[in-house]
Amino acid sequence: MSETLRTQVGIIGAGPAGLFLARLLHLNGIESVIVETHTRQYIESRVRAGVLEQGTVDLMAEMGVGDRLKREGMAHEGVGFCFNRRRHRINFKELTGRSITVYAQHEVIIDLVASRLASGGPLLFEAEAMKLEGLDGTAKSKPAIHFRHQGEEKQVVCDFVAGCDGFHGIARAAVPAGMLKAYTRIYPFGWLGILAAAPPSNNELIYANHESGFALLSMRTPEISRLYIQVDPDDDIANWPDDRIWEQLRRRLAFDGFKLNEGPVLQKGITPMRSFMAEPMQWGRLFLAGDSAHIVPPTGAKGLNLAVADVQVLSRGLAEYYASRKTDLLDRYSDICLRHAWNAQRFSWWLTQLLHRPPGDADFDCRRQVAELEYMVQSRAASMAFAENYVGLPLRMD
Ligand SMILES: Cc1cc2nc3c(=O)[nH]c(=O)nc-3n(C[C@H](O)[C@H](O)[C@H](O)COP(=O)(O)OP(=O)(O)OC[C@H]3O[C@@H](n4cnc5c(N)ncnc54)[C@H](O)[C@@H]3O)c2cc1C
């Protein structure tokens, strides 16, 4: 007989969605088991997002996992745009009263894993979910996650399954054919990202629109820069020796008085860009959250924040269910999350098409981009529209 664990909510994936959800459920007295396919060391060192909306920062503090973030996170009250060799600043704080915080995603994971383990909540590493059962909510059998762990087949039997297993996970694929509609856009460019042992050259992010292509200056700590350039999504990283990357960064981020700090490249890779939405985000007793339901291009820095928004809604719905057996909020989970995610998708698409050099003969588009950037930095209304989207629109649960 294979080992069976029993819990209220079975969570697949210990990324931001799964770990935030487990913490929020714990604070509401709801039990969960997390199965994660990778090792702890792997998920705690995977370099990904770095921009947290204020809502995400505030939530970490409320959840009691925000102490290190408060000490080490870098609060940014504005962001720079570089085009036509000049830099312009948009001041979030002045326009919206809010700001963003730069704190690497893997640091968020470290904090959440530590709190999960300290609370005694089950978090199984090297536990790969293979198959889901009993999801339709009508069958006599309860939902179950079948997984492989320490060479054995095991299962988690639960009331609900949270599919927090990212874009390539198994949860979305477990929904019967024809029940989900997918919306996809593949972009004709990718991001070559490096992590460099060089102090950030600016104290805030700088987004650049340049005739050679997009570039982004970002950071992870006061000693480590995170830098990106637009490349062909099918390009091979072997074509990009460090010198060539730095040359392109110097060129694309050039404006009067700016000097790019350089240092050893610690990591580099090319990521293709896509938009993806799966509708609805619920089927029976299965709830999809985070990248398993939607992918946004990274330009708007929304992916992690959207995962957090989803699980805030889900945890409240589950808390309502366990307190009163009411399913009002759970029934609206998909609609609430999709409305919020489509807004982030719209913003991320808009910023992406504004900043990236379109392939081919696109002189018209390039001039149009610059005209729009000029309008955005000069008009208070346009600056405000950018700023309120970038710091994060409120999550409406009505
Ligand atoms: C280069 C890059 C830069 C980015 N920059 C930003 C940014 O600045 N700001 C921002 O907000 N977002 C950014 N993002 C997006 C952000 O990283 C993701 O949106 C976020 O990680 C989504 O969290 P998640 O928990 O939904 O999924 P994931 O982080 O993908 O976590 C899913 C987890 O499920 C596990 N898993 C998968 N399948 C199984 C299985 N069968 N069984 C068990 N476990 C499984 C995986 O190992 C993983 O740990 C960026 C992404 C990339 C790639």
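A few comments on the model shown:
- Taking 0.36 nm per residue of separation and subtracting the Cα-Cα distance, full extension of the segment from THR184 to ASN91 would add 30.2 nm.
- Compared with the direct C-alpha span, the chain from ALA254 to HIS38 gains 73.7 nm at full extension, assuming 0.36 nm per residue.
- Relative contact order of the stretch 64-210, taken over Cα pairs closer than 8 Å and 6 or more residues apart, is 23 percent.
- Rounded if a/c under 1.5, otherwise prolate or oblate - the stretch 120-199, Cα gyration tensor axes: oblate
- Folded to 0 to 90 degrees: helix 363-378 orientation relative to the chain principal axis, Cα: 80 degrees
- Cross-link pairs exceeding 22 Å in C-alpha to C-alpha distance, out of LYS131/LYS326; LYS93/LYS302; LYS140/LYS181; LYS93/LYS268; LYS142/LYS326; LYS131/LYS154, comprise LYS131/LYS326; LYS140/LYS181; LYS93/LYS268.
- Multiplying the residue separation of GLU133 and ASP67 by 0.36 nm and removing their Cα-Cα distance gives an extension gain of 19.8 nm.
- ARG346 paired with THR4, simple spin-label distance in nm, labels 7 Å along Cα-to-beta-carbon: 4.8 nm
- Only Lys, Arg, Asp and Glu carry charge here, each on its Cβ (+1 for the first two, -1 for the last two); on that basis the stretch 265-368 has a dipole of about 160 debye about its Cα centre.
- Hull shadow area, averaged, the stretch 288-398 [alpha-carbon convex hull, nm²]: 8.2 nm²
- Convex hull projection area averaged over all views, the chain, Cα basis, nm²: 20.5 nm²
- R0 of 22 Å, Cβ-Cβ distance MET74-ALA197: FRET efficiency to nearest 0.05: 0.85
- Remark: relative contact order (the chain) = 20 percent; criterion is Cα-Cα distance under 8 angstrom and separation of 6 or more residues.
Bear in mind these aren't lab numbers, they're just calculated from the coordinates by the rules spelled out. A quick note: this is a predicted structure, and the numbers were derived from the prediction, not measured. Neighbour counts are summed over all protein chains in view; Cβ atoms, including those assigned to glycine, are modelled from backbone coordinates with ideal geometry.
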